[in-house]
Protein chains: 2
Amino acid sequence: MRNSPGYDVYSRHCPARLVLDRLADKWVLLVIGRLWDQAVRFNQLRRDVDGVSQKVLSQTLKKLERDGLVERRVYATVPVTVEYSLTALGRSLAETIESFSHWAERNINAVLAAQHSYDAANGEAAAE
Amino acid sequence: MRNSPGYDVYSRHCPARLVLDRLADKWVLLVIGRLWDQAVRFNQLRRDVDGVSQKVLSQTLKKLERDGLVERRVYATVPVTVEYSLTALGRSLAETIESFSHWAERNINAVLAAQHSYDAANGEAAAE
DNA sequence: GGTGCCGGTTTCCTACAAGTTACCAAGTGA
DNA sequence: TCACTTGGTAACTTGTAGGAAACCGGCACC
């Protein structure tokens, strides 16, 4: 992979690697994916993204908001309404994530098949 | 984000989410990125991907090999040579990862700026 | 015989990630 | 008044990823 001038993603203290590290988080991927087409409320997001706890979702959203990827909007409704949506920056990232997601869905069978044949070859000894 | 028929990445036990979880790993991203244009030896990889320990690199490579993304080739040279390279499947993923990487490099400044303004607004109380 | 390199594996230990539970305010309805 | 909602935060506990370091075989050099 070629480097852009001035950056080296592989060096430990490269700021771009910080971004990459942040992105390398399943919840981030799933949350941004969920926000792709519409703004979503906190508890709705919690229900949609199966398996995430409030704490982690809250932390994830705060990180994303800090990174300028997600916008948080509070409405003074009956029970308070908090809506999360993607910013322009977040939407540009979401496009990349979508291609990721599509890769996963398209190639899941190939990966699963590779795992099975790998396990068949090496797994018998390692199974013990 | 729209769903492919039959899959739902958001449900807890979706196989595609397993793939996504695996991919959501900074070392995986960096290793595949490094293997993008050439086969690389173990210790070379360790030096290039700054900050990874042998153990974690070894585990990461094993996982990637099991997933059919990386190929491991051993040469019976003087000190044994082990070369890792991408499979066709791995290369198709690498293209996606590259766009990720490029996004990070292009938008690092926007993210950093967002972080600064966020911290300026909220950080004073939270800094303590 | 001792030291070094390559490519790992194993063990140990610790620090942080993350789950669970409890709690909060504010408002509404029974 | 109590219960229930939303959208969290805080405290406590557990799990586990990951770092450090030792060890391994095989060979080469001295």
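The values are calculated or read from the model by the stated rules, or taken from the named source; none is laboratory data. The shown structure was predicted, so the numbers you read here are calculated from the model rather than taken from an experiment. Because the Cβ atoms are built from the backbone with ideal geometry, glycine has one as well, and the counts that use them run over all protein chains shown. With ligands, DNA and RNA removed, areas are computed over all heavy atoms of the protein, side chains included. Shrake-Rupley method; radii C 1.70, N 1.55, O 1.52, S 1.80 Å.
Table for the structure above
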read-out: Distant-in-sequence amide H partners of B:VAL70 (H built 1.01 Å from N, under 5 Å); value: B:GLU65, B:THR87
read-out: Pairwise burial B:A, computed as accessible area of each alone minus the pair, summed, 1.4 Å, Å²; value: 5800 Å²
read-out: Cα long-axis angle, helix B:54-66 against chain B (0 to 90 degrees, to the nearest 10); value: 80 degrees
read-out: Rounded D (µm²/s) - the range B:15-126, Kirkwood Rh over Cα pairs, Stokes-Einstein at 10 °C, 1.306 mPa s; value: 100 µm²/s
read-out: J(HN,Hα) series, the range B:12-17, from Karplus relation 6.51 cos²θ - 1.76 cosθ + 1.60, nearest Hz, glycine and proline x; value: 4, 9, 5, x, 5, 6
read-out: Apportionment of accessible area to carbon and sulfur, the range B:15-126, percent (1.4 Å); value: 49 percent
read-out: Count, lysine Cα pairs under 16 Å in the protein assembly as shown, 8 or more residues apart or across chains; value: 9
read-out: Angle between chain B longest axis and helix B:88-118 axis [Cα atoms, degrees, rounded to 10]; value: 30 degrees
read-out: Shortest-first distances to equivalent copies, position B:TYR75, nm, label 7 Å out along Cβ; value: 6.4
read-out: Computed E for A:GLN38/A:HIS116 - FRET, C-beta separation, R0 51 angstrom, nearest 0.05; value: 0.85
read-out: Debye, to nearest 20: dipole size of chain A, +1 on Lys, Arg Cβ, -1 on Asp, Glu Cβ; value: 640 debye
read-out: Dipole magnitude of the protein assembly as shown, debye to nearest 20 (Cβ charges: Lys/Arg +1, Asp/Glu -1, about Cα centre); value: 200 debye
read-out: Residues of the range A:20-128: accessible area per residue with a 1.4 Å probe, Å²; value: 50 Å²
read-out: Helical contribution to [θ] at 222 nm, DSSP H n ≥ 4, -39,500 (n - 2.57), averaged over chain B, rounded to 500; value: -17500 deg cm²/dmol
read-out: Interface residues, the range A:80-110 - accessible area loss of 40 Å² or more versus chain alone, probe 1.4 Å; value: A:LEU89, A:THR96, A:GLU98, A:PHE100, A:SER101, A:TRP103, A:ALA104, A:GLU105, A:ILE108
read-out: Nm distances between copies for B:ASP37, ranked from closest, using label points 7 Å along Cα→Cβ; value: 3.9
read-out: Choice from B:LEU89, B:LEU29, B:LEU45 showing the highest fluctuation, given a GNM over chain B with Cα pairs closer than 10 Å; value: B:LEU89
read-out: B from A by rotation - nearest chain A beta carbon to the axis, in Å; value: A:ALA24, 3
read-out: Percentage relative contact order, chain A, counting C-alpha pairs under 8 Å, at least six apart; value: 20 percent
read-out: 7 Å along Cα→Cβ, label-point gaps from A:GLN59 to other copies, nm, shortest first; value: 1.8
